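Chemist: Starting off with a structure, shown below.
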Amino acid sequence: MTDQPVLRVDHLTKDYGRGRGAFDITLAVGRGECYGFLGPNGAGKTTTIRHLMGFSKPNKGSSAILGRDCWRDAAILKNDIGYIPGEIELPAAMTGAGFLRMMEKMRGVTDHGRTARLVERFHLDPSVRVKKMSFGMKRKLAIVTALMHDPAVLILDEPSSGLDPMMQKEFIDCIAEEKSRGKTIFLSSHFFHEIDAACDRAAIIKEGHIVSEMDLKALKAKEGNGFDLEKYFLDFYREEAEGRTGDES
Amino acid sequence: MKAKETRFFSAALFGHTVKNNFVLALVITLIFCLFTVVTNAASYLMTTEKQAVIGEAAQEEFFRYLSVLAACDEVARAELSYGDFAAAENHDLYESVFERYNREKPGNAPALDADGFQKAMAEIEAAGASPRAYVDAFEYAYALRGQTGVFSGKELNLAGAADALFASMGFSREDMERLREMDYTAMLTRVYYTAMGALILFLFVIIAANTLIAGPVDSGSMAYFLSVPNRRAAVTVTQLVYMVLAPLVIMAIACALRIVTTRLFFGEVHAGRILCLYGGMYLLVQAIAGICFMCSCLFNESRKSIAFGGGFAIWCFLAALLGMFGSAELIQMGIGVEPLGVFNKMTLVSLFDINAIQSVGTGTPDTSFLPKLGLLAVIAVLSYMIGIFRFSRKDLSL
Ligand SMILES: Nc1ncnc2c1ncn2[C@@H]1O[C@H](COP(=O)(O)OP(=O)(O)OP(=O)(O)O)[C@@H](O)[C@H]1O
Ligand SMILES: [Mg+2]
């Protein structure tokens, strides 16, 4: 964690107009670290991730992963990135297995063992056609797809929404394992227990701006065992909301 | 991990695209093939149904025999007729009638005999015309002989009667000639290559172009193709390869079918000319495909991609259809009006000049179609390039 950060966002700004988008986002995530990204709906989490994936070009600032620019080197970076999109629309006209095979081919993955183990682990039935899959099944398919090539960096946009509680637990365990194997994780989520269990640090974003960044480990150490992250965040959200209505009145 | 990226072509994506559009391609191929066979069969029926006519000399010759029979019937109360002659085994009776005529005929008139009558009939039949039609016409001609008009005092004859009848129905003799000369098969060919047949392929490229780029971007599934080491250009070029190959395969099948059925129906075929027609049609389809593909790359929403790309293609089709009714051929046939010709200037279909292409294989081929087809190719290449270029640089909200 002492050397160059694996993932770095530098004064990134994307203005969608009318105050929407992401503004002057700066953050850095070190190797083997899990970084949580929290915030209310429409805060700009997906917008930030879109830039990390090279789907969007920033108005200002830049972002880089493993020292490579996320926009310019988008394609080559994907060798090292596992991505779970927030919206899980899958290409139609194939079965889960067909989809996984296609993704393996496009990634040049030749070892099918890892994919098979992941399918097993998340109780995924890949023989079902993608169109006929339930929300949770599609989510599982996205998870397997993101992990199949054993990437060094994971970018996860609300990865466990739609999973049943047992699978959510399984997924959190999986993330923890990946972290212990030295993987760098950028996790956007609305689930406090997920952030609590997996993340070392977290940022809260509101209306496109990072309003707070905290070291969860240090916080926990300071507050002791009875620390309740959920209460802490809810208080934080509420304070912010009240602060704003206070301003307006 | 190995730092590999796909720059231009992804076989896995291509496989997916082929599968994804398979049903559409299959249905379009079947419809197009069916349309091809039916059109060809219809042109065959049109060419065989048309009644031929014989020259004036042959008609005069035939009428000379008939008038001898008619005179004999009147004078001798005999029952000689064309039908009886054609059916009879023994022509002795007719031979004797002709002999008597030969003896009494004016000096300069040619001699007649049963063999000559037979030959005159055979000549009409050989030309593909029906002797019956001429016998019917003769009835009127014979009835009018020697009659003069009660008002005009002019001699009445069959041609004058026909002209007067047509004129009273609002036709001139030229109209009737043109109607008889009208080449319905040429029209069918034009409709096949530049309107209805092209429309089937336009529909294919409109739908396919949208499912290749704008559809996945709109639905969000493009995120998966771009979360692997695919360059944006790898996605667009792979889809472009499909856009180039799929219509080629569909049209190659139809072209083969057209050549085979032409050979079957007509007994002979000019394969080179048909290949040129399909080649031209392919370039037309590619120009439309290029525009649709470009729209698919430019717009993030399916409905916009369809509205602009599809709208353009449908406009080209409709303008070509309207323009057809302003073309010289249809105006001449009397089912077109000149002002509609302006639509020919407003559609890419006009760059596919089938009249010129059909001169291929004749002694004097008209090569003016080549630069026009070249322009279609340039439009296709340019719009493909703009699409690929733009997609590589644009913002995707995935
Ligand atoms: N392509 C776009 N064009 C215009 N506005 C956009 C676009 N994408 C997002 N926005 C706006 O930017 C803001 C941030 O959206 P974003 O998707 O980043 O939110 P989010 O933090 O991911 O929210 P959620 O928790 O609901 O997923 C929203 O107000 C959204 O309406
Ligand atoms: Mg989001």
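Chemist: Compare the Cα positions of B:283, B:126, B:335 along the charge dipole of chain B (+1 at Cβ of Lys, Arg; -1 at Cβ of Asp, Glu; about the Cα centre) and return the one farthest towards the positive end.
Modeler: The residue sitting farthest along the positive end of the dipole is B:283.
Chemist: Determine the shape class of segment B:38-120: with a ≥ b ≥ c the square roots of the Cα gyration tensor eigenvalues, call it rounded for a/c under 1.5, and otherwise prolate if a/b is greater than b/c, oblate otherwise.
Modeler: prolate
Chemist: How about residue B:372: which lysines have a C-alpha closer than 19 Å to its C-alpha, ignoring those fewer than 8 places off in the same chain?
Modeler: Of all the lysines, those that pass the test against residue B:372 - Cα under 19 Å, at least 8 places apart if same chain - are B:345.
Chemist: Then there is this: Which whole number gives the average, over all residues in A:67-76, of C-beta atoms from other chains lying within 10 Å of the residue C-beta?
Modeler: Other-chain Cβ atoms within 10 Å of each residue's Cβ, averaged: 3.
Chemist: Return the average number of partner chain Cβ atoms within 10 angstrom of each residue Cβ along peptide B:225-236.
Modeler: Partner Cβ neighbours, averaged per residue: 6.
Chemist: Let me ask something else. Less than 21 Å apart at the alpha-carbon level, and either on another chain or at least 8 residues along: which lysines does that give for residue B:105?
Modeler: B:119
Chemist: Across the Cα atoms of segment B:56-181, what radius of gyration and what greatest pairwise Cα-Cα distance (Dmax) are found, in Å?
Modeler: Answer for segment B:56-181, Rg first and Dmax second: 16.6, 48 Å.
Chemist: Mind putting a number on the dipole of chain A about its Cα centre? Charges go on the C-beta only, +1 for Lys and Arg and -1 for Asp and Glu, and I need it in Debye to the nearest 20.
Modeler: Dipole of chain A, to the nearest 20 debye: 1060 debye.
Chemist: To the nearest 20 debye, what is the magnitude of the charge dipole of the protein assembly as shown about its Cα centre, counting +1 on the Cβ of each Lys and Arg and -1 on the Cβ of each Asp and Glu?
Modeler: Here the size comes out at about 3180 debye.
Chemist: Is there a simple number for the mean count of other chain Cβ atoms within 10 Å of the Cβ of residues in A:93-101, and what is it?
Modeler: The shielding value for this peptide is 2.
Chemist: When only C-alpha pairs under 8 Å and at least 6 residues apart count, what is the relative contact order of segment B:56-181, in percent?
Modeler: Taking the mean separation of contacting Cα pairs over the length of segment B:56-181, I get 18 percent.
Chemist: Can you tell me the relative contact order of chain B? Whole percent, Cα pairs under 8 Å, sequence separation 6 or more.
Modeler: Computed over chain B, the figure is 21 percent.
Chemist: On to the next question. Could you sort out which of A:45/A:179; A:179/A:206; A:45/A:140 sit more than 25 Å apart by Cα distance in this structure?
Modeler: In this structure, A:179/A:206 lie more than 25 Å apart at Cα.
Chemist: Would you please put B:306-319, B:118-131 in order of how densely packed they are, using the mean number of other Cβ atoms within 10 angstrom per residue and starting with the highest?
Modeler: B:306-319, B:118-131
Chemist: Calculate, for residue B:11 and residue A:123, the FRET efficiency according to 1/(1 + (r/R0)^6) with r their C-beta to C-beta distance and R0 45 Å; round to the nearest 0.05.
Modeler: The computed FRET efficiency comes out at 0.90.
Chemist: When Lys and Arg each count +1 and Asp and Glu each count -1, what net charge do the other residues less than 11 Å away from residue B:397, Cβ to Cβ, add up to?
Modeler: Around residue B:397, the surrounding residues sum to -1.
Chemist: Under a Cβ-only charge scheme (Lys and Arg +1, Asp and Glu -1), can you give me the dipole magnitude of segment B:56-181 about the Cα centre, in debye to the nearest 20?
Modeler: For this selection, approximately 420 debye.
Chemist: Looking only at segment B:309-342, which residues have a backbone nitrogen under 19 Å from a spot 7 Å from the Cα of residue B:386 in the C-beta direction?
Modeler: Taking a point 7 Å out along Cα→Cβ of residue B:386, the residues of segment B:309-342 whose backbone N falls under 19 Å are B:309-317.
Chemist: To make sure I understand the rule: partners must be aspartates and glutamates, Cα under 18 Å from the Cα of residue A:220, and not fewer than 8 residues away in the same chain. Which ones qualify?
Modeler: List returned: A:33, A:194, A:196, A:200, A:228, A:230, A:235.
Chemist: Further, regarding this structure: Please go through segment B:8-94 and write out the chymotrypsin sites (Phe, Trp or Tyr not before Pro) that DSSP classes as loop and that have at most 15 other C-beta atoms within 10 Å.
Modeler: B:8, B:9
Chemist: Here's something else I'd like to know. Tell me whether chain B comes out rounded, prolate or oblate; compute the Cα gyration tensor, take square roots of the eigenvalues as a ≥ b ≥ c, and use a/c under 1.5 as the rounded threshold.
Modeler: Cα axes put chain B in the prolate bin.
Chemist: Here's something else I'd like to know. If a helix is a whole DSSP H run, which ones in chain B reach 27 Å or further along their own axis (Cα) and hold a mean Kyte-Doolittle hydropathy of at least 0.0?
Modeler: The answer, listed by residue number, is B:22-49, B:56-76, B:232-266, B:271-298, B:369-393.
Chemist: Determine, at each q value in 0.07, 0.11 (inverse angstroms), the log₁₀ of I(q)/I(0) that the Debye formula gives when each Cα of the protein assembly as shown is one equal point scatterer.
Modeler: Taking Cα atoms of the protein assembly as shown as identical point scatterers yields -0.65, -1.09.
Chemist: Sum up the charges of everything whose Cβ sits under 12 Å from the Cβ of residue B:372, counting Lys and Arg as +1 and Asp and Glu as -1, but leave residue B:372 out.
Modeler: Neighbourhood net charge equals -2.
Each reported figure results from applying straightforward, stated rules to the coordinates on display, with no laboratory input. Every value quoted in this text rests on a predicted model; they were computed, and no experiment measured them. Quick reminder, even Gly has a Cβ in these numbers, built from the backbone with ideal geometry, and neighbours come from all protein chains shown.
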